[in-house]
Amino acid sequence: MTDPADAAAPPATRRAGGLRWLRDLVVIVLVALLVSWGVRTFLVRSFFIPSASMEQTLLIGDRILVNELVPDVMDLHRGDVVVFEDPGGWLGPAEGDDLVKRVIGLPGDTVSCCDSAGRLLVNGEPLDEPYLDVPEGDPASLAPFDVTVPDGALWVMGDDRERSADSRSHVTGPYEGFVPLDHVVGRATVVFWPLGRWAVL
């Protein structure tokens with residue numbers, strides 16, 4: 001139904017109103033695109049899981065959202081799942097640049113394997129690791145180690161300890177197995193795909 005006021009308005013006025021509506025629509029779309037770009041660039045990114053090193057927490061083909069405010073704005077904690085850039089020699093040339101592992105040791109922590117019950121020790125205390133899928137009584141790592149995490153670095157391990165080439169496997173590498181904090185892309189927060197795997201990490 002036509003508004004009588006619109007019908008009575010001069011054509012130039014109706015044209016100006018239409019142009020204003022079009023301009024507002026363009027502005028709204030541009031703002032939405034900028035916000036989306038800003039969120040993806042500075043706050044949240046998605047990553048694809050290509051390997052079994054984090055099973056059963058993350059499976060091959062999972063897609064995760066990563067909070068990029070960690071660790072620059074928000075703190076990291078032991079047990080966080082992080083995405084980080086290859087510190088050097090962890091990945092082959094065809095494997096990309098990013099890895100995902102779990103934070104076991106923070107700067108200053110002493111991490112060792114293992115106590116008489118097969119548990120990792122952090123600063124002499126056994127680490128509770130409910131995310132591990134290992135038979136009762138099996139050690140949390142088949143390779144013994146005893147390290148102190150330097151300032152500005154992390155000690156990381158995969159949840160599938162037998163198949164994860166993590167900090168333990170790179171003690172002769174550029175950073176002696178430690179991951180510099182400035183290589184951390186962010187903390188994984190959600191598995192969002194496939195839908196049946198949706199979970200908060």
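The values are calculated or read from the model by the stated rules, or taken from the named source; none is laboratory data. Please read these numbers as outputs of a predicted model, since none were measured by experiment. Positions of Cβ are backbone-derived with ideal geometry, glycine not excepted, and every protein chain shown enters the neighbour counts. Protein only, heavy atoms only, side chains kept; ligands, DNA and RNA dropped before computing areas. Shrake-Rupley method; radii C 1.70, N 1.55, O 1.52, S 1.80 Å.
Quick one: pull the percent of accessible area on segment 60-201 belonging to carbon and sulfur, 1.4 Å probe, ligands and nucleic acids left out.
Its accessible area is 51 percent carbon and sulfur atoms.
If Lys and Arg each add +1 and Asp and Glu each add -1, what is the summed charge of the other residues whose beta carbon sits under 10 Å from the beta carbon of LEU181? Don't skip to the answer; put the middle values down first.
Details: positive: none; negative: ASP72, ASP151, ASP182.
Local charge sum for LEU181: -3.
Can you compute the FRET efficiency between THR110 and TRP21 using 1/(1 + (r/R0)^6), with r the Cβ-Cβ distance and R0 = 45 Å? Round to the nearest 0.05. Walk me through the intermediate numbers first.
Details: r = 65 Å, r/R0 = 1.45.
Once rounded, the FRET efficiency stands at 0.10.
Full-extension gain between ARG197 and ASP97, please, as 0.36 nm times their residue separation minus the C-alpha to C-alpha distance.
On the way: separation 100, 0.36 × 100 = 36.00 nm, distance 2.48 nm.
Gain on extension, ARG197 to ASP97, equals 33.5 nm.
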Per 0.36 nm of contour for each residue apart, how much would the distance between GLU125 and VAL44 grow if the chain were fully extended, relative to their Cα-Cα spacing? 25.8 nm
